[in-house]
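First comes the structure, then the notes that go with it.
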Amino acid sequence: MTSMTVIDDGAPRAPGTAMMRGAMCRCPKCGAGSMFRGYLKVADDCPVCGEALYHHRADDAPPYMVIVAVGHIVVPILVLVEEIFRPAIWLHLAIFMPLTLLLSLAFLPPIKGALVGLQWALRMHGFDPRSPEHEPLPPAAPSKAP
Ligand SMILES: [Zn+2]
């Protein structure tokens, strides 16, 4: 967490821009700082502009959207390959299981980033300082008890 304090000026936020920046795993406000501090762990705040990002509540939405997106890519290809080549089941598994896994892992960060960007742009949950869900401080890191 940085020591900067960012005050919401109430200016309109463009959802499309925020989602595009989020899909590039960048801060939805400035587009320069990294949104994530791990593979899928959203940073408490932007390292460049200091915008608080810990208010997001993406929860289970990114995996659901990844399932829909990857399913719409993999299933038509699988059906097409089956109709044209009729390969053995083991070959289907050898091709489409890794493809599904890799696409899912590749899609998760940008989809989660876009969702966090949308939540930020719409001032959902704690992103609205007047919301009862607004928490002034990021949640404490879990302690590593022996
Ligand atoms: Zn930023």
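Return the only residue of 115, 78, 122 being more than 24 Å from residue 37 (Cβ to Cβ), surrounded by 13 or more Cβ atoms within 10 Å (Cβ to Cβ) and not polar (S, T, N, Q).
When all the criteria are applied, what remains is 78.
I'd like the full set of residues that are within 14 Å of the chain's Cα centre (by Cα), among the aliphatic types (A, V, I, L, M), closer than 19 Å to residue 124 by Cβ and within 14 Å of the ligand (Cβ to nearest atom), limited to the stretch 23-71. Scanning the stretch 23-71 gives 35, 42, 43, 53. Per the conditions (1) more than 13 Å from the ligand (Cβ to nearest atom); (2) of a type in the set (A, V, I, L, M); (3) surrounded by 12 or more Cβ atoms within 10 Å (Cβ to Cβ), the sole criterion not satisfied by residue 93 is (3). When restricted to residues that are surrounded by fewer than 20 Cβ atoms within 10 Å (Cβ to Cβ) and more than 13 Å from the ligand (Cβ to nearest atom), the stretch 7-22 contains 10. With respect to the conditions (1) on the phi > 0 side of the Ramachandran plot; (2) surrounded by 15 or more Cβ atoms within 10 Å (Cβ to Cβ); (3) not aliphatic (A, V, I, L, M), residue 86 falls short on a single one, namely (2). Could you tell me whether the stretch 124-133 includes any residue that is modelled with pLDDT of 95 or more and among the small types (Gly, Ala, Ser)? The answer is no, given that none of the residues of the stretch 124-133 is modelled with pLDDT of 95 or more and among the small types (Gly, Ala, Ser). For residue 74, the test of being more than 13 Å from the ligand (Cβ to nearest atom) and in contact with a Ser or Thr (Cβ under 8 Å, 6 or more places away or on another chain) is passed.
The values are calculated or read from the model by the stated rules, or taken from the named source; none is laboratory data. Quantities reported herein were computed from a predicted structural model and do not represent experimental measurements. We place every Cβ from the backbone using ideal geometry, glycine too, and count neighbours over all the protein chains shown.
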